[in-house]
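Below you'll find the structure, written out as structure tokens, and then a few comments.
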Amino acid sequence: MNNLFKTVKHLRKQLIIWLFEHSQRIYTRIFKHHESWNISKLDLLKMPKPSFGRHLGEFLDKNNFELIPKVERHDCYHVLCGYSTNVEDEIALQCLCYGNGKRSLYLYGAIILGIAILPDYYAYYYKSYKTGKEANPFHHFEYKKLLHISIEDFRKTIFSKSQRFQLKIN
């Protein structure tokens, strides 16, 4: 019976991954009309070690990603907040951003479908929401202009010491 639950949970996660991959392209094409950053992972990896941009490059490199044009700030949220790219962290990151004041159709869909399909992580999602609500606002920044700043200083302006400890980004 335990193997059945694991298989079903795995299938639910695969469904969410499929939904993310397919909806992302459509959402970007229809709703994102601003210019992309035109910055590569290699450009970011050339930045000074303590910089936010360098950490973003390392995140992309570790996950074998490039920045997705027009939605670059999403990966910035991952780096700033310390969330991985596994399914439950993707949903928790959306909950944290919602708590912080971010609003978008995509965010609503990710949270609603994420909680409906993977309710097993509800406590984690709620904790992330509360962390975002208590943090200083960060969803509105022009992240491209912040690539050169110290990631440590950036995080200290957003999160309290206990929040950074909780997020494991001390």
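FYI, it's all coordinate maths here, none of it is from the lab. Because the structure is a prediction, the values reported are computed rather than measured. Counting neighbours? That spans all protein chains shown, and the Cβs are built from the backbone with ideal geometry, glycine included.
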Counting Lys and Arg as +1 and Asp and Glu as -1 over every other residue whose Cβ sits under 10 Å from the Cβ of Tyr124, the net charge comes to -2
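Could you work out [θ]222 nm for the chain from helices alone, using -39500 (n - 2.57) per DSSP H run of at least four and dividing by all its residues? Round to the nearest 500 deg cm²/dmol.
Details: 9 runs with 110 residues, N = 170.
Computed mean residue ellipticity for the chain: -20000 deg cm²/dmol.
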Summing +1 per Lys or Arg and -1 per Asp or Glu among the other residues with Cβ less than 10 Å from His139's Cβ gives +3
Set Lys9/Lys130; Lys49/Lys168; Lys41/Lys102; Lys13/Lys49, cut-off 31 Å on Cα-Cα distance; pairs above it are Lys13/Lys49
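Could you tally the net charge around Tyr77, taking each other residue with its Cβ under 13 Å from the Cβ of Tyr77, Lys/Arg +1 and Asp/Glu -1?
On the way: positive: Arg73, Lys102, Arg155; negative: Glu72, Asp75, Asp89, Glu90.
Around Tyr77, the surrounding residues sum to -1.
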The ³J(HN,Hα) series, computed from each phi in region 78-86 with the Karplus coefficients 6.51, -1.76 and 1.60 at θ = phi - 60°, rounded to the nearest Hz and given as x for glycine or proline, is 4, 5, 4, 9, x, 8, 7, 9, 5
